[in-house]
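The values are calculated or read from the model by the stated rules, or taken from the named source; none is laboratory data. No experiment lies behind these values; they were computed from the predicted model shown. For neighbour counting, all protein chains shown are included, and Cβ atoms are generated from backbone atoms with ideal geometry for every residue, glycine included. Keep in mind that these areas ignore ligands, DNA and RNA; they rest on the heavy atoms of the full protein, side chains included. Shrake-Rupley method; radii C 1.70, N 1.55, O 1.52, S 1.80 Å.
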There are 2 protein chains.
Amino acid sequence: MSERDAERSVSQTVRAQLALRDMILSGRLRPSERISELQAVDITGVSRTPVRLALVRLEDEGLLQAIPSGGFMVKAFTERDILDSIELRGTLEGLAARFAAERGVSARSLEPLKECLGDLDQLVRQDPISVEAFSAYVTMNARFHALLNELSASAPLIREIDRVSALPFASPSAFVMAQSALPEAHQILLVGQDHHRIVVDAIENREGARAEAVMREHSRLAARNLRLAIRNRTHLELMPALALLKSSAE
Amino acid sequence: MSERDAERSVSQTVRAQLALRDMILSGRLRPSERISELQAVDITGVSRTPVRLALVRLEDEGLLQAIPSGGFMVKAFTERDILDSIELRGTLEGLAARFAAERGVSARSLEPLKECLGDLDQLVRQDPISVEAFSAYVTMNARFHALLNELSASAPLIREIDRVSALPFASPSAFVMAQSALPEAHQILLVGQDHHRIVVDAIENREGARAEAVMREHSRLAARNLRLAIRNRTHLELMPALALLKSSAE
DNA sequence: TGAGTGCAGTATGTATACATCCATCGCTCT
DNA sequence: AGAGCGATGGATGTATACATACTGCACTCA
């Protein structure tokens with residue numbers, strides 16, 4: 001399917017949503033800046049109706065904030081907001097892991113997760129780790145987390161996790177790439193991978209509390225990466241999500 | 001302000017949203033039933049544009065589900081979904097309580113909460129408890145939970161709690177009224193009020209783990225009420241939210 | 001000179017007409 | 001008779017015109 005076809009096949013609403021999200025995450029629309037519908041029409045090239053829907057969707061997503069008198073503005077986040085969002089995700093993923101452990105999962109449904117675990121092992125075994133390997137790690141890591149959440153077999157929970165992870169700075173892979181520029185990179189990756197191993201083991205042995213605790217701690221690696229990267233001001237361009245930070249904290 | 005003025009002052013979108021939500025919760029729109037835009041136009045009396053926005057909002061709220069080929073259907077929930085949603089809320093409220101405890105709150109900001117606690121004490125002291133007192137309890141209980149969540153001082157967390165609590169069967173007060181018809185009513189209310197007391201004490205003493213644990217357990221009272229009420233089939237009309245249950249489990 | 005009011009411009013809220021896509025039903029051909 | 005294709009009805013997706021509400025500025029009056 002050519003790119004042209006792909007562009008034709010998706011709705012104007014989705015196209016507008018993608019274009020506006022890109023503008024926000026790339027920082028071309030600054031935090032706290034009001035974004036009018038007409039402006040959005042200019043940007044996206046579609047008419048007001050789909051633009052409106054796209055704006056509403058982006059508000060749901062958490063990237064925009066409704067103005068009481070009407071209209072939307074780009075949401076501004078503090079560093080604290082970001083850290084809380086990461087803790088929030090960790091808490092929810094912890095709940096998912098506990099559900100999986102307490103309710104039990106079949107050996108069959110655990111198989112893809114173990115396979116994914118093995119693939120990740122291969123990647124982190126390299127020393128030093130290439131940039132390509134880091135990139136592959138991001139993909140595989142996202143897959144691991146998705147599989148894990150599904151094991152909870154709880155639609156309401158998965159829905160909320162997806163929602164929280166949609167915030168670009170709260171997803172499990174948000175700061176892995178930034179990490180690639182840190183001297184502690186390899187060590188943190190090894191620790192993270194050990195968390196993965198532990199949670200699978202805990203689920204297999206029906207140790208709910210252990211599974212929950214390790215997933216919570218796991219999310220704190222992301223928080224640690226974020227803080228390190230901000231403090232060192234290393235490779236901020238690897239973390240486009242930080243365009244949403246309130247300017248003072250940037 | 002007269003009712004007419006009030007009706008005039010809110011947007012058509014909100015009016016449509018309220019009307020449709022009412023139809024869903026009252027069971028006039030059955031779970032898994034497709035709801036077309038034109039049908040919604042007939043129901044609400046407003047045009048397609050605001051109806052569409054209302055449908056999108058209701059999807060976000062979790063009452064509707066998007067159909068891949070377009071349009072929406074009323075979401076159907078299993079009893080397990082409901083129990084999971086309650087556990088989810090408890091987990092999030094637990095996190096809020098822990099944040100409040102660990103980060104510390106001023107004596108001044110704790111005051112409204114304690115006042116609310118005192119009011120609740122007055123209400124549960126009656127024996128037997130009148131229906132009016134139950135109703136007042138529902139209101140005051142919602143206020144207590146709202147104040148508690150605010151003490152977390154975490155906008156992202158409060159946002160998620162509000163979202164989860166918007167599901168009619170997941171809110172802290174969802175099954176309190178149903179409880180009024182149970183023989184165990186007074187006892188459960190006293191236990192719940194003791195949870196309230198403990199969490200305030202824990203926050204005051206910066207006992208994060210205790211605050212978190214008690215709020216989690218607190219939510220399980222709602223789960224217990226739900227199960228009791230369903231098993232006894234007592235006063236199902238007090239729980240309109242159950243209109244969303246998949247028919248087999250009803 | 002300051003405050004209040006009114007007007008103009010521009011934004012969003014709403015309705016509707018048009019385009020497009022999908023799904024279903026019926027017909028035809030093998 | 002069954003399967004596949006085509007047509008038709010009805011749904012959603014989109015664009016735009018119109019109504020209305022808000023905001024900011026200027027002018028006037030105290």
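Could you please find all residues in region A:31-47 being in contact with a helix residue (DSSP H, G or I) (Cβ under 8 Å, 6 or more places away or on another chain) and surrounded by 13 or more Cβ atoms within 10 Å (Cβ to Cβ)?
Result: A:Pro31, A:Ile35, A:Glu37, A:Ala40, A:Val41, A:Ile43, A:Thr44, A:Val46.
Output the residue which, of all residues in region B:13-55 that are of a type in the set (Lys, Arg) and away from chain A (no Cβ under 14 Å), is nearest to the chain's Cα centre (by Cα). Show your work before the answer.
Residues of region B:13-55 that are of a type in the set (Lys, Arg), as a first pass: B:15, B:21, B:28, B:30, B:34, B:48, B:52.
Imposing the further condition that a residue be away from chain A (no Cβ under 14 Å) reduces the set to B:15, B:21, B:28, B:30, B:34.
Numbers: B:Arg15: 21, B:Arg21: 14, B:Arg28: 21, B:Arg30: 21, B:Arg34: 25 Å.
Among residues in region B:13-55 that are of a type in the set (Lys, Arg) and away from chain A (no Cβ under 14 Å), the one nearest to the chain's Cα centre (by Cα) is B:Arg21.
Here are B:Ala146, B:Ala153, B:Ala136, B:Ala174: which of them is modelled with pLDDT under 95, open to solvent by 30 Å² or more (accessible area, probe 1.4 Å) and not charged (D, E, K, R)? First the steps, then the outcome.
Working: B:Ala146 fails: modelled with pLDDT under 95; B:Ala153 fails: modelled with pLDDT under 95; B:Ala174 fails: open to solvent by 30 Å² or more (accessible area, probe 1.4 Å).
Sole residue among the options that is modelled with pLDDT under 95, open to solvent by 30 Å² or more (accessible area, probe 1.4 Å) and not charged (D, E, K, R): B:Ala136.
Of the residues that make up region B:168-177, is at least one touching a Lys or Arg at 6+ places or on another chain (Cβ under 7 Å) and within 14 Å of another protein chain (Cβ to nearest Cβ)? Break it down into steps so the answer makes sense when it comes.
Quick first cut of region B:168-177, residues touching a Lys or Arg at 6+ places or on another chain (Cβ under 7 Å) only: B:170.
Going one step further and asking which of them are within 14 Å of another protein chain (Cβ to nearest Cβ), we end up with B:170.
Yes, because at least one residue in region B:168-177 is touching a Lys or Arg at 6+ places or on another chain (Cβ under 7 Å) and within 14 Å of another protein chain (Cβ to nearest Cβ).
For region A:179-208, what are the residues that are of a type in the set (Gly, Ala, Ser) and touching an Asp or Glu at 6+ places or on another chain (Cβ under 9 Å)? Even if it seems obvious, please write down each step before you answer.
Keep residues of region A:179-208 that are of a type in the set (Gly, Ala, Ser), which gives A:180-181, A:185, A:192, A:202, A:208.
Correct list: A:Ala202, A:Gly208.
Can you tell me which residue in region A:57-98 is nearest to DNA strand C (Cβ to nearest atom), limited to those that are of a type in the set (D, E, K, R) and open to solvent by less than 10 Å² (accessible area, probe 1.4 Å)?
So in region A:57-98, the residues of a type in the set (D, E, K, R) come out as A:57, A:59-61, A:75, A:79-81, A:84, A:87, A:89, A:93, A:98.
Checking the rest, the ones that are also open to solvent by less than 10 Å² (accessible area, probe 1.4 Å) come to A:84, A:89, A:93.
On the way: A:Asp84: 29, A:Arg89: 31, A:Glu93: 35 Å.
Filtering first and then ranking leaves A:Asp84.
Could you please tell me which pairs satisfy a Cβ distance under 7 Å, a separation of 6+ or placement on different chains, a first residue in region A:156-184 that is within 19 Å of A:Arg220 (Cβ to Cβ) and touching a residue at least 24 places away in the same chain (Cβ under 8 Å), and a second residue that is in a loop (DSSP other than H, G, I, E, B) and open to solvent by less than 10 Å² (accessible area, probe 1.4 Å)?
A:Val164/A:Ala170; A:Leu167/A:Gly62; A:Phe175/A:Met239; A:Ala178/A:Met239
Can you find a residue that is modelled with pLDDT under 95, away from DNA strand C (no atom under 12 Å from the Cβ) and among the acidic types (Asp, Glu) anywhere in region B:23-38?
For region B:23-38, residues modelled with pLDDT under 95, away from DNA strand C (no atom under 12 Å from the Cβ) and among the acidic types (Asp, Glu): present.
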